[in-house]
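Here the structure comes first, spelled out in structure tokens, and everything after it is commentary.
The values are calculated or read from the model by the stated rules, or taken from the named source; none is laboratory data. Owing to the predicted nature of the structure, the values given are computational and were not obtained by experimental measurement. Every residue, glycine among them, receives a Cβ derived from its backbone with ideal geometry; neighbour counts consider all protein chains shown.
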């Protein structure tokens with residue numbers, strides 16, 4: 001089946017834009033609503049990220065700290081992750 | 001002679017008669033009887049010899065039998081001794097084999113017990129860790145209010161450096 005070249009180019013452009021947008025998309029998950037000061041501090045620590053379109057999500061299971069999702073990447077700075085790391089550390093020490 | 005009352009003719013006739021009688025008796029009675037007696041004697045002698053031979057043979061047979069019995073006894077004793085030795089050897093080997101097997105089983109069981117104990121110990125440790133961390137997690141969730149959480153978050157962010165990001169959090173960056 002042959003696809004119209006224009007349609008193909010448009011589709012390709014749309015998908016690459018979408019991928020680029022998704023790649024830059026920042027989602028910050030915290031256990032409470034972040035204050036402006038904390039958001040500023042966060043932005044200063046990660047100036048390379050696109051904060052204009054950033055989404056802030058509240059999830060109580062995080063306990064404390066933050067989880068930053070950038071596209072498909074995850075920067076986990078939560079207390080939950082620290083506890084999980086501790087758990088793994090204890091398991092590995094057996 | 002005639003005056004003495006001896007009749008020569010009668011005397012000669014009597015002598016001839018006696019001679020004839022002697023010859024006849026000797027020929028037909030004494031000789032066969034003597035022959036018979038000699039034969040009987042010879043037969044008796046032969047019988048005695050045969051008896052003696054039989055006795056000798058019997059004695060020889062008894063001796064042979066005794067020797068054979070002694071030999072059989074000797075062989076029996078030898079075989080019994082060999083059998084005893086063999087059975088003792090087999091018994092010793094079986095005991096050694098059994099001891100070896102027991103030792104192997106003991107070692108295997110010990111290893112198995114140790115492995116099971118370690119597994120149990122590990123399992124208990126894992127459970128304790130999981131329960132402890134769940135308790136800590138639940139406790140923190142209940143105990144921390146928003147200001148505490150904010151403090152913790154700020155502290156994490158303040159302490160965060162680029163180096164930390166690379167070394168500590170690079171592993172959690174999932175592509």
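Determine if segment B:97-117 includes at least one residue that is within 18 Å of the chain's Cα centre (by Cα), more than 30 Å from residue A:83 (Cα to Cα) and away from chain A (no Cβ under 14 Å). Yes, some residue in segment B:97-117 is within 18 Å of the chain's Cα centre (by Cα), more than 30 Å from residue A:83 (Cα to Cα) and away from chain A (no Cβ under 14 Å).
Within segment A:1-48, the set of residues being in contact with a helix residue (DSSP H, G or I) (Cβ under 8 Å, 6 or more places away or on another chain) and surrounded by 15 or more Cβ atoms within 10 Å (Cβ to Cβ) comprises A:28, A:29, A:30, A:31, A:32, A:34, A:38, A:41, A:42, A:45. When you scan segment A:58-73, how many residues do you find that are over 20 Å from residue B:158 (Cα atoms), surrounded by 13 or more Cβ atoms within 10 Å (Cβ to Cβ) and at pLDDT 90 or above? Matching residues across segment A:58-73 total 1. Where helices (runs of 4 or more DSSP H) fall entirely within chain A, those with at least 1 residues that are within 22 Å of residue B:152 (Cβ to Cβ) and either touching a residue at least 60 places away in the same chain (Cβ under 8 Å) or within 13 Å of chain B (Cβ to nearest Cβ) (or both) are at A:36-45, A:79-92.
Of all residues in segment B:151-170, those that are closer than 16 Å to residue A:47 by Cα have Cβ atoms under 8 Å from Cβ atoms of residues that are in a helix (DSSP H, G or I) and at pLDDT 55 or above, 6 or more apart or on another chain, in B:157/A:38; B:157/A:41; B:157/A:42; B:157/A:45; B:158/A:41; B:160/A:45. When you scan segment B:109-118, do you find a residue that is surrounded by 10 or more Cβ atoms within 10 Å (Cβ to Cβ), modelled with pLDDT under 90 and more than 30 Å from residue A:45 (Cα to Cα), even just one? Scanning segment B:109-118 turns up at least one residue that is surrounded by 10 or more Cβ atoms within 10 Å (Cβ to Cβ), modelled with pLDDT under 90 and more than 30 Å from residue A:45 (Cα to Cα). Taken over segment B:132-161, residues that are farther than 14 Å from residue A:60 by Cβ, at the interface with another protein chain (Cβ under 7 Å from one of its Cβ atoms) and not in a helix (DSSP H, G or I) amount to 1.
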